[in-house]
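Take a look at the structure set out below.
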Amino acid sequence: MLELRPIKNESDYRAALEEIEALVFGLWTDDKTSASIINALVAASQTLTNLKAVFVGDIEDLEYLISPIRQSNFSPLLEAYPNLEVLQVRGDNHPYMGDIGLEFSPALRHEKLKALIVESGGISHLSINQICKLDLPALEYLELWLGSDDFGGDSSINDLMPIISGVFPKLKYLGLRKSAYSDDIAFRIVNSSIVENLIELDFSMGNLRDDGAEALLNCPAINQLDTLNVSNNCLTNWMIERLNQLDIEVISGEQKYYEDRYSSVAE
């Protein structure tokens with residue numbers, strides 16, 4: 001915990017900055033992208049030497065809907081902070097007024113990043129491809145809100161195949177949330193060895209239906225999970241009952257109408 005104490009001089013100020021381990025950025029003051037925040041963090045990298053976690057876009061719906069939050073290129077941040085362990089981003093990846101939108105370019109290797117979270121109304125296939133090209137040997141937690149095509153979520157199961165095939169070998173939590181093609185993910189993931197290493201598999205806020213859940217039930221490796229999250233999908237009560245018979249924790253929560261093909265939180 002950071003100890004609060006009076007700052008009497010520049011030396012005390014620099015020492016206080018060096019103790020900061022996490023920074024959270026909410027609503028910025030203009031309608032442009034987060035590039036100004038990224039640039040400021042990069043410029044401060046020689047001072048914020050102990051920074052381990054960054055969240056850009058801690059903005060609630062009452063302040064701003066998720067899709068109009070304009071993000072930018074996060075690779076410079078990863079390059080500037082080789083000891084960063086957690087990166088969380090909330091917002092859209094649509095280019096804005098000539099800006100690039102959410103991006104991870106160029107591809108790079110980061111030795112320490114353990115958690116990457118991207119919450120979006122829709123992640124483009126280009127952004128997912130860029131994430132898959134990152135060399136993240138320590139990554140244990142990956143959460144992607146895939147979203148809908150109306151808000152830039154134009155990815156498909158083919159874009160996720162590097163993840164499902166094990167491009168991040170140390171993953172313990174995989175959240176492919178808010179997906180408009182949850183069944184396709186289920187059909188592919190049950191034929192991958194990635195499940196054998198996971199602790200939690202999270203399909204929440206998507207449109208998983210009984211066919212996809214049936215594939216999960218028929219996969220022996222699912223029983224090696226600690227937690228399967230299928231909340232806020234399109235499952236029938238009959239399927240929920242069957243899933244609850246698994247010898248693991250199943251989070252089912254409320255379900256949408258069975259014929260609802262839309263993911264949640266897409267705006």
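Every number here is computed from the coordinates shown, using simple stated rules; none is lab data. Bear in mind that the values here come from a model prediction, so they are computed numbers and not experimental data. In this analysis, Cβ positions are derived from the backbone assuming ideal geometry, glycine residues included, and neighbour counts consider all displayed protein chains.
Odds and ends about this structure:
- Rough spin-label spacing in nm, given labels placed 7 Å along Cα→Cβ, for Asp247 and Asn218: 2.2
- Over the C-alpha atoms of region 117-181, the Rg to Rh ratio, Rh being the Kirkwood estimate, stands at 0.94.
- Note on Thr47 and Tyr257: the extension gain reaches 70.4 nm, defined as 0.36 nm multiplied by sequence separation minus the Cα-Cα distance.
- Residue-count net charge about Met161 - beta-carbon cut-off 14 Å; Lys, Arg +1, Asp, Glu -1: 0
- Extension reserve of the Asn83-Asn158 stretch, reckoned as 0.36 nm per residue once the Cα distance is removed: 23.9 nm
- The P(r) of region 20-251 has a tail past 34 Å containing 16 percent of all C-alpha pairs.
- Mean separation of Cα contacts under 8 Å, 6 or more apart, over the residue count of region 20-251: relative contact order %: 12
- Annotation for Glu19 and Asp226: the two label points, set 7 Å from Cα along the Cα-Cβ direction, are 3.2 nm apart.
- Average projection area in nm² (convex hull over Cα atoms of region 79-172, one quarter of hull surface): 5.9
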